[in-house]
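*Asks:* Quick one: the structure is below, and I'll ask about it shortly.
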Amino acid sequence: MPEQEPERIATQYDAFADAYGDGGPYNELYERPAMLELLGEVAGSMVLDVGCGSGVLTERLLARGAEVVGFDSSEQMLRRARGRLGADAPVRLHDLHEPISWLADAGIDVVVGSLVMHYIEDWQPVLAEFRRVLRPTGRLVFSTHHPFCDFVLLDRPDYFTVEQIGDQWSHSGVYYPVRFWRRPLSVIVSDLVAAGFVIEQLAEPRPTSWEGFTERDRERLSTQPWFLFVVARAVEPR
């Protein structure tokens, strides 16, 4: 299957930006608390928020004393981010398929990406850019769809293939089509290692609270992972 067109990511989110808002309990009670815990102390750090969306994580990193710059490919999500952040953090329109040419080499302490990497087919150019903009021994912390979850939930025939798949997200009773890439854990690991990262942690946390989740969601998230979280560190050049 051909690679997803770069504008497709923006088109998906532009279509439901207002309905999506800041996300639901999967974002607020599951993904974001886990991401912030894995990031730990960020005061004084320069952070790049990749796929910053409506700017919620950016705002919370600023509150923890980080200096943050962010980007997203969806103009409608950026509209929400700019309304939230004002002049507190620069956020700009940029597609992750393209080089981050507006950032200099080795100027970022932490690259953070919340639920964005599964929209990319070929991780190598993206990870190479992350490695370039990170300072020596800088960190990459990201979340993505868990390969086991997509394999089981969407009833895929071959766990070991890298494939583009489709799903539907429901917001306020309206269904929106989305497409993303599924890959096995072995490919995630090998891509990170090939790009010059050492994996420090693979995390499969559960939600911090069940309030706001449906009974079905509670049963599902109690027994299987939905997201995979990765903490990796850039290897110092020899």
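*Asks:* Picking from Val231, Val189, Val174, which residue would you name as being under 15 Å from the mean Cα position of the chain (by Cα) and either surrounded by 14 or more Cβ atoms within 10 Å (Cβ to Cβ) or of a type in the set (Val, Ile, Thr) (or both)?
*Replies:* So the residue among Val231, Val189, Val174 that is under 15 Å from the mean Cα position of the chain (by Cα) and either surrounded by 14 or more Cβ atoms within 10 Å (Cβ to Cβ) or of a type in the set (Val, Ile, Thr) (or both) is Val231.
*Asks:* Can you say whether His146 is within 26 Å of Glu28 (Cα to Cα) and touching a His at 6+ places or on another chain (Cβ under 6 Å), as far as the supplied structure shows?
*Replies:* no
*Asks:* Give the residue that is surrounded by the fewest Cβ atoms within 10 Å (Cβ to Cβ), with candidates limited to residues of the range 149-168 that are more than 17 Å from the chain's Cα centre (by Cα) and of a type in the set (A, V, I, L, M, F, W, C).
*Replies:* By that ranking, first place goes to Phe160.
*Asks:* Is it true that some residue in the range 205-213 is charged (D, E, K, R) and under 30 Å from Arg132 (Cα atoms)?
*Replies:* The answer is no; no qualifying residue exists.
*Asks:* Kindly state which strands (runs of 3 or more DSSP E) lie completely within the range 142-238 and contain at least 1 residues that are under 15 Å from His118 (Cα atoms), among the β-branched types (Val, Ile, Thr) and touching a Gly at 6+ places or on another chain (Cβ under 8 Å).
*Replies:* Per the criteria, 174-182.
Every number in this text was worked out from the coordinates using simple rules, so none of it is lab data. Keep in mind it's a predicted model, so treat the numbers as computed, not measured. No Cβ is skipped: glycine too gets one built from the backbone with ideal geometry, and neighbour counts run over all protein chains shown.
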